[in-house]
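Where a number appears in this text, it was derived from the coordinates with a stated rule and is not lab data. Every value quoted in this text rests on a predicted model; they were computed, and no experiment measured them. Note that each Cβ is placed from the backbone with ideal geometry, even for glycine, and that neighbours are counted across all protein chains shown.
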Amino acid sequence: MTTVLEKVRSGREAVGQRWHGAPRWVRWALLAAVIVFFYALPNKEFYQYLGPIPTPGANFTQVLFTVSIYVLLAVGLNIVVGFAGLLDLGYFGFFAVGAYTVAVLTSPSSDIKTLWPWLVVVPIAIGMTMVAGVALGTPTLRLRGDYLALVTLGFAEMIRIAAVSSEFLKGQRGFNQIPHPPGKYADGKPFFGVLDARPYYWLVLTLIILVVIGVRNLTHSRVGRAWISIREDEDAAQLMGVPTFKFKLWAFAAGAAVAGLAGALFAGKQNFVNSQNFELLNSIIILAAVIFGGSGNIVGAIVGGGLVAYMIERFRGIELLGIELYEYRFLFFGLVLVVMMIVRPQGLIPNRRRAAEFKDRRKEVIVGE
Amino acid sequence: MSDTEQTKAVPAQAGAPAVETVPQREPLLEVDHVTLRFGGVVALNDVDFTLYKGEILGLIGPNGAGKTTCFNAMTGIYQPTEGHIRFRGEKISGKRRHQITRMGMARTFQNIRLFPEMTALENVQVGADAHHRTSVISALFRLPRHRREEREGREKAERLLEFVGIRNRMHEFARNLSYGEQRRLEIARALATDPVLLCLDEPAAGFNPAEKEELLQLIRQIRDTGVTVLLIEHDMRLVMGVTDRIVVLEFGKKIAEGLPAEVRDNPKVIAAYLGVPDDAA
């Protein structure tokens, strides 16, 4: 058992080394191939050849859209948890703020009846979530560790309960007729329609790429170094001249902005937003996805978010011995997490630093025995 | 007290560059009758001394004498209960830690506190970032300021790693460096913040004699670049060898201050700290 695990471990390390050792053009070509693959994925002409990958129990393009939203959220949460090391258990609350901002400002069922177009509202939604992030962060980012986790958890619940019980936010009845993103084909049919989920998926995919470029730029700068130094040793960071509070706030705001964008995209696609969309479980799933994929690594967050969201959907429509597996999806999810904790605590594709850390810890344990 | 005593003490410092006999008497850091209480415990009791520009001041005392507490008060981690600490003429109480760093005070830690999962180079870059102004917007869009500061920070970091002698290890994670390299890295990281005053908290802890000698050289080189050095140290030979003046603490009180030779012969110090004279090292 252990030897197999060792092989898997060293095999993956070899892949990593090869990747970092490969010439630049090889890396670009591979990256381009992966991107093309994911753009092609929602076309039936393509995915019908992919064997068991398409989901049997659900429209595969719809699933892909859901998965892409989770990937975007995982990339955003990774800024907060993976880089700055701030445990945020209420990340989905920001998603809700984004979705509700769009709903309130665009839907005819809203009390204020502004009926603004979707595209105009997206930047407002992002701005609102950033404000929410700063508003939550200003009093709470002086807390550390467990306390911060509790407060963020409370924040997400506050948003959810406000959505359920506030007259202004319409509770279960929700907001309908939220406009779609703009754009028409040459024949006048809207590009973003009701039935076909592909354009939405492509839109999210494109935005994921842009967000990833942005996050990468940030992490390779003073900002990213400040975040990581805060994660590593907050006191030492302060004494080396890092304005830690400011950068923690920025981590919160940047993470919130991504969640707000995801919320706006979700609302624009679904056409309908109500209080049932924002269960606490979602926050947990995204956090699990980030940790599953490898906290502190952008690729890890993407893979984690994608796999977790996909696995949950994949169970739909599978029956085994008369049991609907979808009912037990979280049981499997939990099992996978437990196994991961034992076999690969640093996540699937960890940050190289983390990988080293865990490796050494293992050595220490072995020496200790 | 006389100059002859000082000149006697200086050549003993293993080939030190000739020190000006009278350092410039421009006060840099004033510890002005500082008392610090934690509940009923008096950690510092009316401690009063001044650090002058360009000198190497040693702060010594037996275990638990309040050296590190004093150090933490001076770097703004603790607020004095009474009294003031003035750095470059400004009171530092009420200032945030990163602001104090930007005013030109840098420090290392008794227990090494690097950023273990960052490379040596990145560790030093964090220090260099103390004076940078790149923020989210310019980093996000890679604006010219970001690129300029990034280049400057990197060059500076490489220069400092060269200076402390671990440039060949710059892409190694800090955690993978040897103990001595980590201590050097801490000094490089502190120097990257462009300090006027560098505070070293037991930088030689755990060093063998050869490493200590190298450290002495390094500290002198740092002083020669115009940085004032405050040194907390246990090792008497090191303290005697490198410092211009020494302040001795015991039970939170200053019991002596003066040239190394004076302090060494001070009966109070001998009683409190050295135990038996000449057996100190």
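What number, rounded to the nearest 500 deg cm²/dmol, is the helix-based mean residue ellipticity at 222 nm of the protein assembly as shown, given -39500 (n - 2.57) per DSSP H run of at least four residues and division by all its residues?
Values: 25 runs with 345 residues, N = 650.
Rounded to the nearest 500, it is -17000 deg cm²/dmol.
Residues whose amide H comes within less than 5 Å of that of residue B:58, counting only those at least five positions distant or on another chain, are B:231, B:244, B:245, B:246, B:247 (H built at 1.01 Å from N in the peptide plane).
Net charge around residue A:137, counting only other residues with Cβ within less than 11 Å of its Cβ (Lys, Arg = +1; Asp, Glu = -1)? Don't skip to the end; give the middle numbers.
On the way: positive: A:142, A:246, A:248; negative: A:88.
Neighbour charge sum, excluding residue A:137 itself: +2.
Using the Cβ-Cβ distance between residue A:18 and residue A:216 with R0 set to 25 Å, the FRET efficiency works out to roughly 0.75.
Going by how many other Cβ atoms sit within 10 Å of their own, how do A:68, A:295, A:110 line up, fewest first? Working shown, then result.
Details: A:68 27, A:295 23, A:110 19.
Fewest-to-most Cβ neighbours within 10 Å comes out as A:110, A:295, A:68.
Put +1 on the Cβ of each Lys and Arg and -1 on the Cβ of each Asp and Glu in chain B; which of B:43, B:246, B:185 then has its Cα farthest toward the positive end of the dipole? It is B:185.
Order these by the 10 Å Cβ neighbour count, fewest first: A:328, A:185, A:70. Don't skip to the answer; put the middle values down first.
Working: A:328 14, A:185 9, A:70 25.
With the fewest neighbours first, A:328, A:185, A:70 line up as A:185, A:328, A:70.
Of B:234, A:20, the sequence from fewest to most neighbouring Cβ atoms within 10 angstrom is A:20, B:234. Phi-derived couplings, Karplus 6.51 cos²θ - 1.76 cosθ + 1.60 at θ = phi - 60°, listed residue by residue for the range A:121-134: 7, 4, x, 5, 4, 5, x, 4, 5, 5, 4, 4, x, 5 Hz, with x used for Gly and Pro. For residue A:343 and residue B:208, the FRET efficiency from 1/(1 + (r/R0)^6), where r spans their Cβ atoms and R0 equals 56 Å, is about 0.85.
With the convex hull of its Cα atoms as the shape, the range B:87-146 has an orientation-averaged projected area of 6.0 nm². Under 16 Å from a label point set 7 Å out along the Cα-to-Cβ vector of residue B:81, the amide N atoms of the range B:237-253 belong to B:251-253.
What pairs in B:53/B:95; B:95/B:156; B:212/B:268 have C-alpha atoms more than 24 Å from each other?
B:95/B:156; B:212/B:268
Of the residues A:92, A:199, A:247, the one whose Cα sits farthest toward the positive end of the charge dipole of the protein assembly as shown, with +1 on the Cβ of Lys and Arg and -1 on the Cβ of Asp and Glu, is A:199.
Taking the Cβ of residue A:326 as the centre, find all other residues whose Cβ is under 14 Å away and add up their charges (Lys, Arg: +1; Asp, Glu: -1). Result for the local shell: -1. In a fully extended conformation the segment linking residue A:318 and residue A:172 would gain 49.6 nm over its present Cα-Cα distance, using 0.36 nm per residue. Straight-distance candidates among the aspartates and glutamates for linking to residue A:248, with alpha-carbon spacing under 18 Å and chain neighbours fewer than 8 residues away dropped: A:88, A:146, A:232, A:233, A:234, A:235, B:129. Of the peptides A:192-198, B:243-249, A:241-247, the order by per-residue mean of other Cβ atoms within 10 Å, starting with the highest, comes out as B:243-249, A:241-247, A:192-198. For the range B:132-277, DSSP calls about 50 percent of its internal beta bridges antiparallel. Rounded to the nearest whole angstrom, the semi-axes of the ellipsoid equivalent to the protein assembly as shown, taken from the Cα gyration tensor as √(5λ), stand at 57, 27, 22, largest first.
Extent along the principal axes, Cα only, for the range B:101-184: 38, 28, 22 Å, with the longest axis given first.
Which percent, to the nearest 5, of DSSP beta bridges fully inside chain B are antiparallel?
Values: 21 of 37 bridges.
Antiparallel bridges: around 55 percent, rounded to the nearest 5.
Rounded to the nearest Hz, the phi-derived 3J(HN,Hα) couplings of the range A:101-109 under the Karplus curve 6.51 cos²θ - 1.76 cosθ + 1.60 (θ = phi - 60°) are 4, 4, 4, 5, 7, 10, 7, x, 7, where x marks glycine and proline. Under a model in which nothing but the beta-carbon of Lys, Arg (+1) and Asp, Glu (-1) is charged, the protein assembly as shown shows a dipole of about 2140 debye around its Cα centre.
Share of antiparallel DSSP beta bridges in the protein assembly as shown, in percent to the nearest 5?
Values: 25 of 41 bridges.
Here the antiparallel bridges make up roughly 60 percent for the protein assembly as shown.
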